[in-house]
């Protein structure tokens, strides 16, 4: 599968039989449908975003449809790309870690092992810590 940002082949990482796709080029993360919910143990709350980001439009790496921007998490402070056909969601570098931080600030109990897994995918990410 090709990265929706830099178009290089992504590699898979597995955590407790949940396989996510990572891009070594831009350090983004692709979650297929329901993988994020399985990882967090709770449903992810999405809200269409009206934030105008200065980034190129992304296409779904599965179905190639243009993805929509959506705010995710209790505070809706993290903006991700979501496939309109339901294939999955794309997190740019550091956004999965930012989501964990947002969830914890709102009182969610994010499994420390999951948090370490997300933070450890790209340990030099500016959002770590």
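The values are calculated or read from the model by the stated rules, or taken from the named source; none is laboratory data. For clarity, every value in this text was computed on a predicted model and none was experimentally measured. Glycine also receives a Cβ, built like all others from the backbone with ideal geometry; neighbour counts cover every protein chain displayed.
Only strands (runs of 3 or more DSSP E) wholly contained in segment 1-90 count here; list those with 1 or more residues that are in contact with a helix residue (DSSP H, G or I) (Cβ under 9 Å, 6 or more places away or on another chain) and under 23 Å from residue 119 (Cβ atoms). The strands (runs of 3 or more DSSP E) meeting that bar are 11-15, 18-22, 29-32, 68-72, 78-82.
Of the set (1) modelled with pLDDT under 90; (2) surrounded by fewer than 18 Cβ atoms within 10 Å (Cβ to Cβ); (3) within 20 Å of residue 70 (Cβ to Cβ), all apply to residue 26 but (1). Restricting to segment 46-65, name every residue that is surrounded by fewer than 13 Cβ atoms within 10 Å (Cβ to Cβ) and over 24 Å from residue 8 (Cβ atoms). Those that are surrounded by fewer than 13 Cβ atoms within 10 Å (Cβ to Cβ) and over 24 Å from residue 8 (Cβ atoms): 47, 48, 50, 51, 52. The single condition from (1) out of contact with any helix residue (DSSP H, G or I) (no Cβ under 9 Å at 6 or more places or on another chain); (2) buried (at least 19 other Cβ atoms within 10 Å of the Cβ); (3) at pLDDT below 85 that residue 97 fails is (1).
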